[in-house]
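Read the structure below first, then the notes.
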Amino acid sequence: VLPRLRALVQSSTDEVYGSVDFGGYFTETTPIDPRSPYSASKASSDHFVRAFNNSYGMPTLISRCSNNYGPYHFPEKLIPLMINNIINRKPLPVYGEGQNIRDWLYVEDHANAIDMIYHKGIPGEVYNIGGNNEWRNIDLVRLMCRIMDKKLQREEGDSATLITFVKDRPGHDLRYAIDASKIISETGWRPETSFETGLEKTVDWYLSN
């Protein structure tokens, strides 16, 4: 006999909040304001989950996490795309002027957060998950270039010549920034992997796979 689940956990995203001004942060009470059809589809699933909680008392939990990175990441995403393109000396496409800002969290820290929410979260509640680790896209790409030059034993600055600015995508939010104080105070979760360590693990995994 399968054990009864404590609650249904909806693993959502900070994209549902839209964009936040500099100096501000998304909290769990920030109104949902998706700016693209893609993020709107994610917001709609959050509404369905909350509706089942409100209408039928289904025990639900919603997590909204910042950008993840790490092994097994889908290759079209920013960090694995940069790694693979640098290896193959292909252009490194950066939207607009690369000024979009994201908060990055190592994937294992996200998995641990979901586990903590499932076991210690209050059903019906929303929990933001973030790494307090904001990077402009262009700065992150330049960092990846330096790391890869060292790993591939190339001359410093070699990979940066591959950076190519491309037309920005529609509905591209400028900044995401997470206030994760609620999950920290209610469950005791904290991110454990520094960005430097996480990137090192990520790059090494892609070089081996």
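What follows is calculated from the coordinates using simple rules that are stated; it is not laboratory data. These numbers come from a predicted model, not from an experiment.
Reducing the range 137-209 and the range 77-99 to their Cα centroids gives an inter-centroid distance of 11 Å.
For the chain, the longest principal axis of the C-alpha atoms and the axis of helix 195-208 are separated by about 70°. The C-alpha atoms of the chain define a longest principal axis, and helix 107-120 lies at about 10 degrees to it.
With 27 Å as the limit on Cα-Cα distance, the pairs of LYS42/LYS151; LYS90/LYS150; LYS42/LYS120; LYS90/LYS167; LYS77/LYS150 that go past it are LYS42/LYS151. Using Stokes-Einstein with the Kirkwood hydrodynamic radius over Cα pairs, what translational diffusion coefficient do you get for the chain at 25 °C and a viscosity of 0.890 mPa s, in µm²/s rounded to a whole number? The calculation lands on 134 µm²/s.
When the Gaussian network model of the chain links Cα atoms closer than 10 Å, the mean-square fluctuations of GLU155, GLU108, GLU134 top out at GLU155.
Run through the DSSP bridge list for the chain and note the antiparallel percent, rounded to the nearest 5. Bridges in the chain are about 15 percent antiparallel. Checking the a/c ratio against 1.5 first, then a/b against b/c, what shape does the Cα gyration tensor give for the range 161-209? Oblate shape, in that a/c is at least 1.5 and b/c is the bigger or equal ratio.
Normalised by the number of residues in the chain, the mean separation of alpha-carbon contacts (under 8 Å, six or more apart) gives a relative contact order of 30 percent. Note the angle between two axes, namely the Cα long axis of helix 78-87 and the longest principal axis of the Cα atoms of the chain, as a number of degrees from 0 to 90, rounded to the nearest 10. Between the helix axis and the principal axis of the chain, the angle is about 20 degrees.
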